[in-house]
Structures are given as structure tokens and as C-alpha cells.
Amino acid sequence: MDVIATLQNKQLLRVDEAAKILNVSRWTVYRWVEAGRLGGTRLGAGSLRIFSQTVAALIDLHCVGAIKTENVAVPTKQSPFKSRTV
């Protein structure tokens, strides 16, 4: 499953899709919806769908170790030999 494509192309996810993307159980997804950590809607009798935007927001909220381009050291090209002064 291509997670980025799924989150961009689908507005609503099934509970099992959201669970797979978040690497949690289906029951955890249900609990998170009840607690307000994820947004969802009921379609018909008992059919829960999760808003893909809330899944993406939860991932962004807990993202660790993101690299900022302004803090990345860019290596400079240097000769492997020391320069000698005579």
C-alpha cells in the first residue's frame, strides 16, 4: 500500500486502512475516534469511515527526526591531499 498516494487520493478510509497506515489495531482506531484523536463519520448502520486528513495530521503531529534543509551540512569538495607550502 502506497501510504502517501492513499492519503492524497482518498478522503475517507476504512478502519482497517487507517489501522494499517498507522500501524495500530482496528480497535485502537475506534478508541482514537471516540477520544477525538482521529476524525471519522458513520455511514449507515455501524459503518465507520476515517477522514484521511486526520490520519495525515496525526502522523505529522508525531513525526520525529524531521530534517530541515537549512540545518543540513553540505559537504565541500576538498582535495584528499594536504596542501604544502614551501
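Taken together, the values in this text are just the output of simple stated rules run on the coordinates, not laboratory data. Treat the numbers as computed from the prediction; the structure is a model and nothing was measured. Heads up, the Cβs are rebuilt from the backbone with ideal geometry, glycines too, and the neighbour counts pull from every protein chain shown.
From the set of residues in segment 31-47 that are in contact with a helix residue (DSSP H, G or I) (Cβ under 7 Å, 6 or more places away or on another chain) and surrounded by fewer than 18 Cβ atoms within 10 Å (Cβ to Cβ), which is farthest from Ile4 (Cα to Cα)?
To start, the set of residues in segment 31-47 that are in contact with a helix residue (DSSP H, G or I) (Cβ under 7 Å, 6 or more places away or on another chain) comprises 37-40.
This time we only want the ones that are surrounded by fewer than 18 Cβ atoms within 10 Å (Cβ to Cβ), so: 37, 39.
Numbers: Arg37: 20, Gly39: 18 Å.
By that ranking, first place goes to Arg37.
Take residues that are more than 17 Å from the chain's Cα centre (by Cα) and tell me which of the strands (runs of 3 or more DSSP E) falling wholly in segment 4-65 contain 3 or more.
Working: elements: 12-14, 40-43, 47-51.
By residue number, 40-43, 47-51.
Could you please find all residues in segment 1-31 being among the aromatic types (Phe, Trp, Tyr) and touching a residue at least 12 places away in the same chain (Cβ under 8 Å)?
Here is the first cut: in segment 1-31, the ones among the aromatic types (Phe, Trp, Tyr) are 27, 30.
Selection gives Tyr30 alone.
In segment 4-30, which residue that is small (Gly, Ala, Ser) and within 16 Å of His62 (Cβ to Cβ) is surrounded by the fewest Cβ atoms within 10 Å (Cβ to Cβ)?
Filtering segment 4-30 for residues small (Gly, Ala, Ser) gives 5, 18-19, 25.
Those still in the list that are within 16 Å of His62 (Cβ to Cβ) too: 18-19.
Details: Ala18: 29, Ala19: 20.
Checked segment 4-30; the qualifying residue surrounded by the fewest Cβ atoms within 10 Å (Cβ to Cβ) is Ala19.
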